[in-house]
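Asks: This is the structure, below, for whatever I ask next.
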Ligand code: NAD
Ligand code: DAU
């Protein structure tokens, strides 16, 4: 298969590219705008291996740029769209880029897939939209199923939900071959340190305070990145056209429990934990029912007890990777997001 992977220099996309090239004979073209979150070194392993490099090409560009997308789609059998602005806190500070990539970008990709598929009806292009559990909104009790209404509560989640709705509309209106994955909170090597787990690991390593929003009793269902990437590949290969598939993790964990586990593993005291003013509109809990993808034959392999220590070990061993990311633009973001909050913080 020849796959166009958009957003393939980011955290989950690059994991998908590395694992897919190693486990199949597929060829991959990555289209990535290399925003602040994109990192070409995430693909170094591919560039350094002659057998993988032979089936790989990187193109820097924007998924909302129709000319670039059309120029790549001709030779492609499937598009897997990881490209998005992915951080909720940044969407609260400024949402424009979230809408441009999450709505216009998805529309441009779908339109290119529709047009190219029309010229080869025997071999339509499959479009995989990598979405999120956040489209269901906060789930106080129980677990979301794929047919639940979408009730996004942050600008990030609203842009992702709009993308999902467009994908469904292209399937109904144009018969485009689409599938959607809705993954849970993902963690692992190469994750941008703006997110909870890598932020707390890297802050703890450097003896900096770790800022817990509100009471810290919010729950997230953590999914190891290799599992997330493999589930996307599984749905690409076996998902039924027009369907969405939840990809849950190992079950809900509170942010306080996550913090305790990180500080204990890094060997730092609880006194680094600071309680800071809450995220506006903070979703209290996410939980998804995974029966649909399990019936298709997929289940997660990496348990939280194994995935978290492996993630911490990777960040301890790869300071060069995250020190580069935590520089330049990072300092302005950190001050804007945490300066006031940490000044107002109390022991957690
Ligand atoms: P990320 O922020 O690490 O990577 C996003 C990538 O997309 C970056 O390489 C960036 O340069 C690229 N990109 C952004 N805008 C682009 C554009 N307009 N054109 C081309 N490339 C662009 O994100 P991630 O955590 O790897 O998430 C990947 C996808 O998975 C996203 O769609 C996200 O919504 C979804 N998701 C993430 C999680 C999670 O916990 N991280 C969970 C569920 C779903
Ligand atoms: O659920 C899937 C989603 O998970 C993805 O769609 C998003 O792309 C991804 O960023 C993630 O969203 P969250 O908002 O859940 O992840 P984040 O790592 O930002 O926060 C996890 C929890 O930790 C959340 O309850 C907020 C809290 N938090 C986060 C940060 C960054 C803190 O308490 N302090 C922090 O400094």
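Asks: Of the residues 52, 31, 21, which single one is buried (at least 21 other Cβ atoms within 10 Å of the Cβ) and in a helix (DSSP H, G or I)? Reasoning before the result, please.
Replies: Working: 52 fails: buried (at least 21 other Cβ atoms within 10 Å of the Cβ); 31 fails: in a helix (DSSP H, G or I).
The conditions single out 21.
Asks: Right, something else. Count, please, the residues in segment 184-201 that happen to be touching a strand residue (DSSP E or B) at 6+ places or on another chain (Cβ under 7 Å) and either away from ligand 1 (no atom under 11 Å from the Cβ) or at pLDDT below 95 (or both).
Replies: Going through segment 184-201 one residue at a time, the tally reaches 1.
Asks: Taking residue 89 as the residue in question, decide whether it is at pLDDT 95 or above and over 20 Å from the mean Cα position of the chain (by Cα).
Replies: Values: at pLDDT 95 or above: yes; over 20 Å from the mean Cα position of the chain (by Cα): no.
In short, no.
Asks: May I ask you to list pairs of residues, at least six apart or on different chains, whose Cβ atoms are under 7 Å apart, with the first in segment 151-170 being away from ligand 1 (no atom under 14 Å from the Cβ) and the second being outside any helix (DSSP H, G or I) and at pLDDT 95 or above?
Replies: Note: pairs meeting the criteria are 151/137; 153/137; 153/138; 153/281; 153/283; 170/176; 170/178.
Asks: Shifting gears a bit: Among the helices (runs of 4 or more DSSP H) lying completely within segment 76-165, list those that include at least 3 residues that are closer than 28 Å to residue 287 by Cα.
Replies: Values: elements: 88-93, 96-99, 106-118.
Output list reads 88-93, 96-99.
Asks: Restricting attention to segment 178-206, which residues are touching a residue at least 60 places away in the same chain (Cβ under 8 Å), surrounded by fewer than 21 Cβ atoms within 10 Å (Cβ to Cβ) and over 22 Å from the mean Cα position of the chain (by Cα)?
Replies: 205
Asks: Just to be sure before I move on: is residue 70 within 21 Å of residue 234 (Cα to Cα), in contact with a helix residue (DSSP H, G or I) (Cβ under 6 Å, 6 or more places away or on another chain) and in a helix (DSSP H, G or I) in the structure I sent?
Replies: The answer is no for residue 70.
Residue by residue, here is whether (1) free of Cβ contacts under 8 Å to residues at least 60 places away in the same chain; (2) over 28 Å from residue 157 (Cα atoms) holds:
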position: 256; (1), (2): no, no
position: 267; (1), (2): yes, yes
position: 270; (1), (2): no, yes
position: 278; (1), (2): no, no
position: 287; (1), (2): no, no
position: 290; (1), (2): yes, no
position: 311; (1), (2): no, no
position: 334; (1), (2): yes, no
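Asks: When you scan segment 174-182, do you find a residue that is more than 14 Å from ligand 1 (Cβ to nearest atom) and out of contact with any strand residue (DSSP E or B) (no Cβ under 8 Å at 6 or more places or on another chain), even just one?
Replies: Looking for residues that are more than 14 Å from ligand 1 (Cβ to nearest atom) and out of contact with any strand residue (DSSP E or B) (no Cβ under 8 Å at 6 or more places or on another chain), one finds at least one in segment 174-182, hence yes.
Asks: Out of segment 60-91, which residues are within 11 Å of ligand 1 (Cβ to nearest atom), closer than 19 Å to residue 28 by Cα and free of Cβ contacts under 8 Å to residues at least 60 places away in the same chain?
Replies: 60, 61, 62, 63, 68, 69
Per-residue answers, yes or no, for (1) modelled with pLDDT of 95 or more; (2) within 16 Å of the chain's Cα centre (by Cα); (3) over 22 Å from residue 186 (Cβ atoms):
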| position | (1), (2), (3) |
| --- | --- |
| 35 | yes, yes, no |
| 38 | yes, yes, no |
| 51 | yes, no, yes |
| 55 | yes, no, yes |
| 102 | yes, yes, no |
| 109 | yes, no, no |
| 116 | yes, no, yes |
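Asks: May I pose another question? For segment 6-13, does any single residue satisfy the condition of being within 11 Å of ligand 1 (Cβ to nearest atom), buried (at least 24 other Cβ atoms within 10 Å of the Cβ) and on the phi > 0 side of the Ramachandran plot?
Replies: Yes; the residues of segment 6-13 include at least one that is within 11 Å of ligand 1 (Cβ to nearest atom), buried (at least 24 other Cβ atoms within 10 Å of the Cβ) and on the phi > 0 side of the Ramachandran plot.
Asks: Are any residues in segment 202-231 within 14 Å of ligand 1 (Cβ to nearest atom), part of a strand (DSSP E or B) and closer than 15 Å to residue 257 by Cβ, and if so, which ones?
Replies: 220, 221
Asks: Also: Scanning for something over 29 Å from residue 77 (Cα atoms) and buried (at least 24 other Cβ atoms within 10 Å of the Cβ), does segment 136-146 turn up at least one residue?
Replies: Yes - at least one qualifying residue is present in segment 136-146.
The values are calculated or read from the model by the stated rules, or taken from the named source; none is laboratory data. Treat the numbers as computed from the prediction; the structure is a model and nothing was measured. Quick reminder, even Gly has a Cβ in these numbers, built from the backbone with ideal geometry, and neighbours come from all protein chains shown.
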